[in-house]
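One structure is given here, and the rest of the page talks about it.
The values are calculated or read from the model by the stated rules, or taken from the named source; none is laboratory data. Model, not experiment: these values are computed from the prediction. Here the Cβ positions follow ideal geometry from the backbone for every residue, glycine too, while neighbour counts run over all protein chains shown.
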Amino acid sequence: MSDHALLQSARAQLASARSIAVLTGAGISADSGVPTFRGADGLWRNYRAEDLATPEAFERDPRLVWEWYSWRREILATKTPNAAHDALVRMEACTEDFRLITQNVDGLHRLAGSQRLSELHGDIWKVRCTSCRLVIDNRDVPLSLLPHCHTCGGLLRPHIVWFGEALDQQILTDSIRAVESCDVMVIVGTSGLVYPAAMLMPAAKANGAFVIEINLDPTPYSSDVALSLQGRAKDLVPLLL
C-alpha cells in the first residue's frame, strides 16, 4: 500500500473507534528536542543514567542524584510540546474512551493538555517525600539541592520509577485495562520492547485491537502490527486526525 493509502486506512480505523489507547516513547519527545539522557549522548560527569537512577545511588549520595535531575530539568524547561503532542490532545477530545500511556517522564503530554494520561515511569516535574510519601508538583528551575518536604521535613526525591523499582500498580492496571479493551491502539516513537510496556501491544492485539505503529525506523513490532508508518511523530500523528 502507498503511504497515502496507509494513512487513509489509519484514519478510517480511528474515526470509527469508540475506544483508543496510545503508547508513546522517546521518539515523540525527540521532535521537541528532548535528549535521551542515556547512552553516548547522555553522559553527565562521566556517570551513566543507569548508575544514577537507582534507589541505591540516592541513598548513597542524594545530592549527586539531585544535581543530575536538576540539570535535566533545566534542559527540559526549554522544551515545549510539538505537533504530535497537540494532535493527541485533539484525539482525546473527540474519543469517547481514550487512554494515553507514556514511558516519558518529561511532562510534555501534560503540558500539552492531555488529561486521560498514565505516566508509567513518573514525572520529572513532581517530587515525593521519602518520609510521608506526599507527591507534589514542583517546577523550580534551578532546583535547590537536597530539597525537603514542607509538611514533615523529610527528604524529597524525584517522582520517578528508578531502575529496580516497581511501577505504580494502579497506573499499570489502568494501562493494561485500556489496551485490552481498546478498538485501536497507536504506538508512537517507541519499540515497546522494555517491560512492562512490552506487554501492552501483544495484549491489545490478542483482544482484537487494530494496532497502528508510528516510528522513525522499523521496529521489531513492525511486522506484527496491522499498520506501520515510518516518519517523524510530529509529521505523522497530526495526519491521523
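Some points to look at:
- When PRO158 is tested against (1) farther than 30 Å from TYR69 by Cβ; (2) in contact with a Phe, Trp or Tyr (Cβ under 6 Å, 6 or more places away or on another chain); (3) not hydroxyl-bearing (Ser, Thr, Tyr), only condition (1) is not met.
- VAL135 vs. criteria more than 30 Å from VAL225 (Cα to Cα), surrounded by fewer than 21 Cβ atoms within 10 Å (Cβ to Cβ) and within 19 Å of the chain's Cα centre (by Cα): yes
- Counting only strands (runs of 3 or more DSSP E) that sit completely within segment 140-241, those holding 1 or more residues that are aromatic (Phe, Trp, Tyr), at pLDDT 95 or above and assigned by TED's automatic domain parsing to the domain that holds VAL89 correspond to 210-215.
Okay, residues lined up against (1) farther than 30 Å from ARG18 by Cβ; (2) of a type outside the set (D, E, K, R):
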| site | (1), (2) |
| --- | --- |
| GLU96 | no, no |
| ILE101 | no, yes |
| ASN104 | no, yes |
| LEU108 | no, yes |
| GLY113 | no, yes |
| SER118 | no, yes |
| SER131 | yes, yes |
| LEU134 | yes, yes |
| ARG139 | yes, no |
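- Test result for GLY164, loosely packed, with under 13 Cβ neighbours inside 10 Å, under 20 Å from GLU59 (Cβ atoms) and over 22 Å from the mean Cα position of the chain (by Cα): no
- Close pairs (9 angstrom Cβ cut-off, 6 or more residues apart or separate chains): touching a residue at least 60 places away in the same chain (Cβ under 8 Å) in segment 154-172, assigned to a strand (DSSP E or B) and surrounded by fewer than 17 Cβ atoms within 10 Å (Cβ to Cβ) anywhere: LEU155/HIS148
- Of all residues making up segment 52-63, the number that are buried (at least 16 other Cβ atoms within 10 Å of the Cβ) and in a helix (DSSP H, G or I): 4
- Some residue of segment 39-51 being assigned to a strand (DSSP E or B) and in contact (Cβ under 8 Å) with a residue 12 or more places away in the chain: yes
- Some residue of segment 69-83 being more than 12 Å from the chain's Cα centre (by Cα), part of a strand (DSSP E or B) and among the aromatic types (Phe, Trp, Tyr): no
- Residue within segment 183-202 that is more than 30 Å from ARG139 (Cα to Cα) and small (Gly, Ala, Ser) present: yes
- Which listed residue, of ARG177, ARG232, is of a type outside the set (A, V, I, L, M, F, W, C), more than 20 Å from GLY27 (Cα to Cα) and out of contact with any strand residue (DSSP E or B) (no Cβ under 8 Å at 6 or more places or on another chain): ARG177
- Search result, residues across segment 204-227 that are over 18 Å from CYS182 (Cα atoms) and either touching a residue at least 60 places away in the same chain (Cβ under 8 Å) or surrounded by fewer than 18 Cβ atoms within 10 Å (Cβ to Cβ) (or both): ASN215, LEU216, ASP217, PRO218, PRO220, SER222, SER223
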